[in-house]
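The values are calculated or read from the model by the stated rules, or taken from the named source; none is laboratory data. Small disclaimer: the values here were computed from a predicted structure and weren't measured. Don't worry about glycine lacking a Cβ; one is built from the backbone with ideal geometry, like all the others, and counts go over all protein chains shown. Heads up: the accessible areas ignore ligands, DNA and RNA and are worked out on the full protein's heavy atoms, side chains in. Shrake-Rupley method; radii C 1.70, N 1.55, O 1.52, S 1.80 Å.
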Amino acid sequence: MTDQIQIDQARLMSELQTLATFTNAEPVSNGTSVTRVVFSPDDLRARAWLKGLATAEGFEVRDDAVGNIFIRWTGTEPDLPAVATGSHTDAIPHAGMYDGTVGVLGGLEAMRALKSSGLHPRRSIELVMFTSEEPTRFGIGCLGSRLISGTLDPVRADAMQDKDEATLAAVRTAAGYSGSLASVQLQPNHYHAWLELHIEQGPLLEREGIPLGIVTSIAAPAGYRFTISGLGGHAGALLMPDRKDALCAAAELILSIEKHTLATHAIDTVATVGTCDVHPGAVNSVPSRVVLQLDIRDTDPARRESVMQAVRRDIEELRQRRSVTIIEQLVNADAPAQSSPHIVNVLEEVCASNGISAKKMVSRAYHDSLFMARIAPIAMLFIPCRNGVSHRPDEYATPADTTLGVQVLASVLAKLASE
Ligand code: GLV
Ligand code: MN
Ligand code: MN
């Protein structure tokens with residue numbers, strides 16, 4: 001493997017650094033802070049730059065109506081379903097520079113290395129850069145891959161609004177992506193196989209000294225929005241016994257979520273309230289309305305739902321005791337995904353024949369692969385990240401681990417493309 005497929009580590013690391021310059025986060029001293037929200041000026045610059053790299057290599061580039069980018073190296077039998085890889089380049093506020101980007105630039109580097117090795121793949125090999133894997137702007141993650149897999153209704157998607165009440169329809173049109181979102185969906189036989197390279201975003205590989213993870217399943221995420229309404233008023237004059245403080249009720253709700261999640265005693269059950277919008281948001285005004293976003297995930301969707309049921313019982317009690325209203329809105333409740341045993345076998349064979357140790361593992365983070373699994377056999381390849389840190393500026397993967405991941409990705413893509 002190492003002899004024929006030469007990964008250009010210096011180019012890969014330099015391109016990761018360049019991509020990290022498309023950011024509107026202030027520089028920080030403890031890492032590289034990246035904020036690249038979908039269809040922001042930095043996201044658009046990153047897209048144009050990526051397409052330039054692909055075109056320079058002679059690959060065909062197309063985008064769909066939601067802005068997913070497809071970079072294709074046509075095989076000798078172009079009518080066969082292609083083998084695909086990819087990930088995302090959008091980044092949550094104050095994120096790091098490796099989440100998603102390793103799978104996109106690593107995928108491009110794998111294709112370039114295979115081309116330089118003289119390979120003429122039987123099946124086409126395609127790199128996909130997905131729109132809005134991160135939920136930052138529209139409150140739902142994996143927007144591009146949900147539409148590709150037919151998981152999200154195109155009309156509902158176009159009507160989704162960002163915090164400034166701009167719809168996806170308006171925002172994507174302004175970004176140059178028009179056309180019906182229904183055209184984004186791909187059919188189940190479109191790809192022969194899908195393999196995503198990503199940083200682990202957890203501590204296990206580094207802790208165990210293992211350079212690669214082979215993902216066998218992806219945990220099931222769900223998202224909810226809670227709107228808590230009470231009674232606002234003057235922070236000095238509204239007497240304590242008369243209050244219906246929406247933020248105090250929200251605080252109890254957040255703690256109820258934490259309590260019931262911990263009560264499962266399951267390492268795979270995780271819940272996070274990551275945003276809290278307080279109205280009117282003034283220090284001398286009693287909060288009248290609060291909107292919370294909950295992210296809850298589990299490898300077992302039934303256990304995830306049992307936590308929600310327990311939280312709903314607490315909500316009933318909270319409503320009465322505090323005289324507030326609490327409205328729950330479902331954003332998404334997704335099923336877990338299983339990797340294809342065949343692709344997992346190919347990954348294991350490539351690792352074993354090159355003396356690379358690899359660990360089979362669950363992905364607790366979600367990825368576009370969760371949705372690609374609905375239309376194609378999938379697997380994922382993880383590389384270690386320092387201290388398991390992700391979604392932070394100090395996120396870091398070593399050049400050696402990144403290069404090894406790309407090398408194995410390239411070998412496996414070549415094998416799958418020869419099938
Ligand atoms: C992806 O960014 C996730 O939140 O798992
Ligand atoms: Mn992420
Ligand atoms: Mn990611």
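Observations on the model:
- Rounded to 10°, Cα long-axis angle of helix 9-20 versus longest principal axis of the chain: 30 degrees
- Axis of helix 341-353 versus longest Cα principal axis of the chain: the two differ by about 60°, to the nearest ten degrees.
- When both segment 362-376 and segment 20-84 are represented by their alpha-carbon centers, they are found 19 Å apart.
- Where the chain is the region considered: accessible area per residue in Å², 1.4 Å probe: 41 Å²
- Helix-derived mean residue ellipticity, 222 nm - over the chain, DSSP H n ≥ 4, -39500 (n - 2.57), to 500: -10500 deg cm²/dmol
- Heavy-atom accessible surface of the chain: percent carbon and sulfur, 1.4 Å: 53 percent
- To the nearest ten degrees, helix 246-262 and the longest principal axis of the Cα atoms of the chain are 50 degrees apart.
- All Cα pairs of segment 30-111, percent lying beyond 17 Å: 50 percent
- Estimated FRET transfer efficiency when R0 is 22 angstrom, pair Q161-T272 (beta carbons, to 0.05): 0.50
- Set the Cα radius of gyration of segment 1-137 against 2.2 N^0.38 Å, with N its number of residues, and you get 1.08.
- Its residue count N fixes a reference of 2.2 N^0.38 Å for the chain, and the Cα radius of gyration divided by that reference is 1.04.
- Note on the chain: Lys pairs 8 or more places apart or on different chains, Cα atoms under 24 Å apart, count 5.
- Largest first and in whole Å, the equivalent-ellipsoid semi-axes of segment 222-333 read 28, 13, 11, each the square root of five times a Cα gyration tensor eigenvalue.
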